[in-house]
Every structure is written in C-alpha cells, then in structure tokens.
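The values are calculated or read from the model by the stated rules, or taken from the named source; none is laboratory data. All values derive from a computational prediction rather than experimental measurement. Counting neighbours? That spans all protein chains shown, and the Cβs are built from the backbone with ideal geometry, glycine included. Please note that ligands, DNA and RNA were not included when accessible areas were found on the heavy atoms of the full protein model with its side chains. Shrake-Rupley method; radii C 1.70, N 1.55, O 1.52, S 1.80 Å.
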Amino acid sequence: MEYSILRNLIVEIPQKPGNFAKVASVIGAEDGDIGDIETLKIGTHTTVRDITVQFENIEHLERVVDKIREIGDGIIVHAISDDVMKAHEGGKIHMSSRRPVRSLGDLRRVYTPGVANICEIIHQDPEQADYFTSIGNTVAIVTDGTAILGLGNIGPVAGMPVMEGKAVLFDQFVGISGVPILLDTSDPDAVVETVKHIHQAYGGILLEDIGSPHCFEIEERLKNELDIPVMHDDQHGTAVVTLAAILSACRTAGVDLAKAKVGQIGLGAAGLAICKMLMEYGVEAMYGSDLNEDAQERLRESGGTVLGSIEELMEKSDIVVATTGVQGLIKKEMVREGQIILALSNPYPEIDPEEALAAGAAFAADGKLVNNVLGFPGIFRGALNARAKAITYPMLLAAAEAIVDSTKPGDLVPHPLDPNVHTNVTEAVERVAGNEQ
Ligand SMILES: NC(=O)C1=CN([C@@H]2O[C@H](COP(=O)(O)OP(=O)(O)OC[C@H]3O[C@@H](n4cnc5c(N)ncnc54)[C@H](O)[C@@H]3O)[C@@H](O)[C@H]2O)C=CC1
Ligand SMILES: CC(=O)C(=O)O
Ligand SMILES: [Mg+2]
C-alpha cells in the first residue's frame with residue numbers, strides 16, 4: 001500500500017483495559033499505518049489521545065474513521081487534524097509569568113504583601129505604571145469579526161485564530177504581548193465605549209479585521225479619544241507594506257511612482273487606506289473600483305478617480321493593487337504587458353502571481369508576500385518605545401521607507417522572518433515619534 005497522507009486522529013477513549021487496543025486494531029485491520037501516539041489529556045473516566053496515522057488517500061482516511069466510530073463503547077473521534085490544525089491545538093498563545101515563584105520570599109515579592117507597595121507607588125504617581133507593570137509592552141488586538149481576512153463576517157470567535165496569530169507575531173518579532181479582545185458588537189458607539197473602558201491595561205490598540213465602513217468611524221473616534229497609539233492594521237499596516245512593495249518595484253523598473261497610473265480594486269478598509277497613502281506620497285493618477293457606491297464616493301472625496309469597471313482599471317493602470325477578498329477576480333486576459341500587480345487578498349489572491357507573470361506582468365505578488373506582518377509589529381514597537389500617544393502619517397511613511405531599505409535588490413519586500421526588517425521599522429518609527437514629541 002502506498003501512503004500519501006498523514007493525519008492525526010484525536011480520539012477520546014474510556015479508561016478500560018483493551019479499549020485502546022480496539023482502536024489500534026481497527027486502524028491496523030484497515031491498513032492504516034500508526035505512527036506516534038501522544039496522550040493529550042487524562043480525565044477521570046477517559047483519556048484523549050492524538051494518534052498519528054498514514055493513509056493511502058482521503059477515502060481510506062474516512063473509511064478508517066468510520067470503522068473507529070462503529071466500535072462504540074464510548075470511543076469518540078473528536079477531530080482529524082493536519083499539521084495546520086495541529087499547530088492550533090490548544091490555541092497558539094499563553095500568558096506566562098516573567099518571575100518564577102520558587103520560595104516564600106518570591107511569593108511575597110511577586111504577590112502580597114510586597115505588591116501593595118508597588119500599587120501605592122502607582123497610586124501616587126500613575127506614570128510609574130510604565131516601569132512597574134507590563135502595560136507599556138502590551139497591545140490589545142481588537143476585532144468584531146466582521147472582515148476576517150477575506151472570509152467575511154464570520155464573527156469574532158471564528159476570527160480568534162487570526163488574532164492569536166497576530167499575537168504570536170507581536171511576541172516573536174518585537175517582544176510585545178498581544179491580547180485578543182473579541183467584541184460581540186459592531187456598533188461604533190458600543191465598540192468605542194468598550195475599548196475606552198478597557199484601554200488602561202494596554203499600551204496600544206491594534207484594530208484587526210473590522211470591516212468597512214464602520215472601521216473608519218471606530219478608528220477615528222478611538223484615535224481622538226485615547227492618548228495611546230491606535231491603528232487599524234488592515235488600513236494602515238497594509239498601506240505601509242503596499243507602498244513599500246510598490247516603491248521597490250518602481251526602483252527596480254526605473255519608474256517614478258508619482259507619475260505612474262495606479263489602480264486599486266476594492267475600496268474597503270485596506271483599499272481606501274492604500275489609495276490615501278499613495279496619494280499622500282504624491283501619486284496623481286489614483287484610480288479605484290468597487291461594487292459599493294458608498295466606497296466609490298469615499299475615494300472621490302479623498303481625491304481619487306472612480307472607474308466604471310475592473311477591465312477599464314486594468315487597461316488604464318501601470319500598477320494594480322487588489323484587496324476585494326474575491327479569489328480569481330483578475331483574469332489573465334486583463335493583464336497588461338509590464339504591469340505591476342499586487343493581488344493582496346487572503347487567503348486567496350485575485351490572481352495567482354505565477355499566472356499574472358505568465359500573462360506579461362513585470363512584477364506580481366500576493367497577500368502572503370506583501371503582508372502587513374512586515375509593518376504592524378515594528379510600528380507598535382517603535383511607538384511604544386517612544387511612548388508615542390498616536391501613530392501618525394510620518395511614522396507610517398518612515399515604516400514604509402524602512403521596509404524598502406530592508407529589501408534585497410530585485411525583491412519586492414523583505415522576508416518576514418528577517419529580523420532586520422522589524423528592527424529597522426522599529427527604529428525608524430521610534431525616531432520619527434521622538435522628533436514629533
Ligand atoms: N495582504 C495583506 O496584508 C492584507 C490583505 N487584506 C485582504 O484584503 C481583503 C479585503 O479586506 P478589507 O479591506 O479589510 O475588507 P473590506 O470588507 O473592508 O473591503 C473589501 C472591499 O472590496 C469590495 N469588493 C468586493 N467584491 C468586489 C468586486 N468583485 N469588485 C470590486 N470590489 C469588490 C467591497 O465592496 C469592499 O469595499 C481581504 O481578503 C483581506 O485578507 C487585508 C488587509 C491586509
Ligand atoms: C493580513 C491581514 O491582516 C488580512 O488579510 O486581513
Ligand atoms: Mg487583517
């Protein structure tokens with residue numbers, strides 16, 4: 001038998017001698033090849049095991065799982081997990097202590113009675129919280145779940161894996177603690193009130209995957225009403241990285257961005273912010289296209305030109321950016337020779353970069369490559385280091401330029417695991433924030 005897929009079966013088995021053997025023999029009798037077996041949880045009456053098994057194909061997997069389910073006796077197959085699912089088991093983040101408690105002395109220093117003195121110091125001088133608490137190193141990752149990647153309004157709980165992912169990136173790239181906050185409302189009044197009531201525990205607020213148009217009002221009001229950095233990642237994190245990718249492409253192609261014709265397909269959170277950033281940078285011919293008339297109107301109000309169709313936009317633009325969430329929206333016949341195409345929707349782009357290049361594009365990339373992961377960690381690290389009260393356009397521009405400077409010749413953007421990019425963005429943002437104070 002040729003095995004082509006490997007899966008992990010998460011099976012709950014009542015603690016009775018012979019029960020595990022029943023599961024193992026069913027798998028063996030059906031020619032499944034058992035590998036590692038891990039005990040995930042020992043309960044009072046049952047044990048949950050993660051059994052790695054190789055299968056010939058999906059049909060073979062389904063047959064084996066059906067046979068295990070037929071055993072009965074309280075044996076339950078909870079999940080069939082692959083390596084992505086495995087990476088999510090138990091969640092991706094965990095709040096951990098920076099101070100070990102190994103003795104009573106530790107306990108008294110870390111907790112009562114020692115802690116009371118620190119509380120009093122902060123009570124007398126609230127700024128001491130910067131030194132004696134983790135607040136200044138913690139960012140709330142706030143979502144209402146209305147625009148989770150390009151998956152749409154799937155709710156905040158379904159969006160939690162994305163928020164945990166952002167927290168992983170904050171921690172790994174710049175040492176910030178990211179704390180997901182899931183809101184069960186999208187009403188701007190309620191969102192603003194809620195964030196205002198909880199904001200004291202955080203040094204900054206990252207708004208994530210909040211859909212348009214309510215994201216615009218929410219961000220604007222929170223920026224005005226809070227004196228800590230607030231940034232909607234899908235708007236400005238994306239705009240920063242997109243500007244950087246376009247600048248690198250223009251540098252390689254010898255194109256002057258200010259004189260280029262740029263088309264943006266999708267004028268939601270990401271799209272409108274990209275247009276505004278590019279126009280602020282000096283782009284004069286900024287075209288846009290969206291199905292939604294209000295979104296079109298927002299581009300006109302910002303100084304851009306709305307075109308009637310995607311075909312017209314593709315025809316007229318030297319550089320095209322797409323953030324619609326619609327896989328395959330750009331057809332290869334629409335691609336113009338020498339165009340720069342950034343199809344940024346996640347998880348699936350508007351056109352595969354290989355297809356765009358084969359159709360004549362000079363540069364093409366998707367949202368895996370040109371991704372706000374290159375921006376938001378360093379932007380917040382820099383803002384927190386400088387104790388900035390807001391994230392401003394000059395700070396965002398400095399972040400974009402730092403990304404360009406971190407990009408190897410010929411590439412559009414740096415590798416996201418290159419620590420230099422996060423350090424460079426941090427330093428650039430911190431420097432500008434420091435100058436602004
Ligand atoms: N690569 C990256 O770093 C990022 C990528 N994105 C991606 O961009 C996409 C959009 O995200 P958001 O702007 O937050 O969502 P959004 O919901 O605010 O905006 C989507 C916009 O696309 C428009 N649209 C939908 N179908 C269209 C079509 N057929 N033609 C023209 N316009 C159309 C909608 O009317 C809406 O205005 C998502 O797939 C997301 O994953 C978003 C942020 C960062
Ligand atoms: C990358 C990101 O933030 C998004 O696709 O929504
Ligand atoms: Mg997002």
Test: residue in the range 297-305 that is away from ligand 1 (no atom under 12 Å from the Cβ), in contact with a strand residue (DSSP E or B) (Cβ under 9 Å, 6 or more places away or on another chain) and within 21 Å of residue 370 (Cα to Cα): no
For residue 210: the one exception among (1) more than 16 Å from ligand 2 (Cβ to nearest atom); (2) closer than 17 Å to residue 165 by Cα: (1)
Near pairs, Cβ below 7 angstrom, 6+ apart or cross-chain, from the range 57-80 (under 13 Å from residue 23 (Cβ atoms)) to any residue that is of a type in the set (Asp, Glu) and assigned to a loop (DSSP other than H, G, I, E, B): 64/30; 67/30
Residue, nearest to ligand 1 (Cβ to nearest atom), within the range 121-179, restricted to residues that are acidic (Asp, Glu) and under 16 Å from residue 95 (Cα atoms): 164
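So which residues in the range 314-341 are under 14 Å from residue 261 (Cα atoms) and either within 16 Å of ligand 3 (Cβ to nearest atom) or charged (D, E, K, R) (or both)?
First pass over the range 314-341, keeping only residues under 14 Å from residue 261 (Cα atoms): 314-321, 336, 338-341.
If the condition is that a residue be under 14 Å from residue 261 (Cα atoms) and either within 16 Å of ligand 3 (Cβ to nearest atom) or charged (D, E, K, R) (or both), then 315, 316, 318, 321, 336 are the ones that fit.
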Of all residues in the range 133-168 being open to solvent by 20 Å² or more (accessible area, probe 1.4 Å), more than 13 Å from ligand 3 (Cβ to nearest atom) and of a type in the set (Gly, Ala, Ser), the one that is nearest to residue 209 (Cα to Cα): 158
Residue match in the range 282-291 (condition: surrounded by fewer than 19 Cβ atoms within 10 Å (Cβ to Cβ), assigned to a helix (DSSP H, G or I), modelled with pLDDT of 95 or more and not aliphatic (A, V, I, L, M)): no
Near pairs, Cβ below 7 angstrom, 6+ apart or cross-chain, from the range 141-152 (without any contact (Cβ under 8 Å) to a residue 40 or more places away in the chain and under 13 Å from residue 186 (Cβ atoms)) to any residue that is within 9 Å of ligand 3 (Cβ to nearest atom) and open to solvent by 30 Å² or more (accessible area, probe 1.4 Å): none
Residue check, residue 211 surrounded by fewer than 24 Cβ atoms within 10 Å (Cβ to Cβ), under 17 Å from the mean Cα position of the chain (by Cα) and farther than 20 Å from residue 169 by Cβ: yes
Where residue 63 falls short, out of the listed (1) modelled with pLDDT of 95 or more; (2) closer than 30 Å to residue 166 by Cα; (3) open to solvent by 30 Å² or more (accessible area, probe 1.4 Å): (2)
Evaluation of residue 242 against (1) within 16 Å of ligand 3 (Cβ to nearest atom); (2) open to solvent by 10 Å² or more (accessible area, probe 1.4 Å); (3) polar (S, T, N, Q) (one fails), failing number: (2)
Qualifying residue in the range 183-206 (condition: within 30 Å of residue 263 (Cα to Cα) and under 15 Å from the mean Cα position of the chain (by Cα)): yes
Wholly enclosed helices (runs of 4 or more DSSP H) of the range 304-399 bearing at least 2 residues surrounded by fewer than 18 Cβ atoms within 10 Å (Cβ to Cβ): 310-316, 353-358
Residue identified as under 18 Å from residue 339 (Cα atoms), within 16 Å of ligand 2 (Cβ to nearest atom), at pLDDT 95 or above and of a type in the set (Val, Ile, Thr) among 265, 246: 265
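Can you go through 421, 432, 404 and tell me which one is at pLDDT 95 or above, assigned to a helix (DSSP H, G or I) and open to solvent by less than 10 Å² (accessible area, probe 1.4 Å)? Reasoning before the result, please.
Working: 432 fails: open to solvent by less than 10 Å² (accessible area, probe 1.4 Å); 404 fails: open to solvent by less than 10 Å² (accessible area, probe 1.4 Å).
Result of the check over 421, 432, 404: 421.
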Enumeration of residues in the range 18-52 that are hydrophobic (A, V, I, L, M, F, W, C) and either open to solvent by less than 30 Å² (accessible area, probe 1.4 Å) or part of a helix (DSSP H, G or I) (or both): 20, 21, 23, 24, 26, 27, 29, 48, 51
Selection count where residues are without any contact (Cβ under 8 Å) to a residue 60 or more places away in the chain, closer than 27 Å to residue 150 by Cβ and more than 16 Å from ligand 2 (Cβ to nearest atom), scope the range 354-404: 9
Test result for residue 267, within 10 Å of ligand 1 (Cβ to nearest atom), open to solvent by 40 Å² or more (accessible area, probe 1.4 Å) and outside any helix (DSSP H, G or I): no
